[in-house]
1. Using Cα-Cα distances under 8 Å and only pairs 6 or more residues apart, what relative contact order does the chain have, in percent?
2. Counting other C-beta atoms within 10 Å, and keeping those with at most 16, which DSSP coil trypsin sites (Lys or Arg not before Pro) do you find in region 9-44?
3. Could you work out how far helix 44-58 tilts from the main Cα principal axis of the chain, as a 0 to 90 degree angle to the nearest 10?
4. Specify which labelled value, from [x] 26, 13, 10; [y] 67, 6, 4; [z] 17, 16, 11, agrees with semi-axes √(5λ) of the Cα gyration tensor in Å derived from the coordinates of the model shown.
5. Would you calculate the separation in nanometres between label points at R25 and A8, each defined as 7 Å from the Cα along the Cα-to-beta-carbon direction?
6. Taking a virtual spin label 7 Å from the Cα of D52 along the C-beta vector, which residues in region 1-45 bring their backbone nitrogen under 12 Å of it?
Amino acid sequence: MNYVFSDAAMKQFLLHLDETFALGRKFIIQDLDERHLFISSDILDTLQTKVDDLMDQISFPLAEKGI
């Protein structure tokens, strides 16, 4: 079991992944408060990949814009 701290928006994303079985199963063990969760430790690598994919989709590529 791992303790996860996140901002409110990321927590909502994690709750969505859990509720829709997007990682193949539920992984949230306990919803502690507005910014903290306990999650299954065996899902961390898969979860990190999913979060990285989301960040890639929403990030602004500064290098491509010449900034």
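All of the numbers you see were taken from the coordinates with simple rules; none came from a lab. Predicted model, so just to flag it, every value in this text is computed and none were measured. Note that each Cβ is placed from the backbone with ideal geometry, even for glycine, and that neighbours are counted across all protein chains shown.
1. Rounded, it is 33 percent for the chain.
2. R25, K26, R35
3. So the helix axis and the longest Cα principal axis differ by about 40 degrees.
4. [x]
5. So the label points at R25 and A8 sit 3.3 nm apart.
6. Under 12 Å, as judged by backbone N against the label point of D52, lie 45 of region 1-45.
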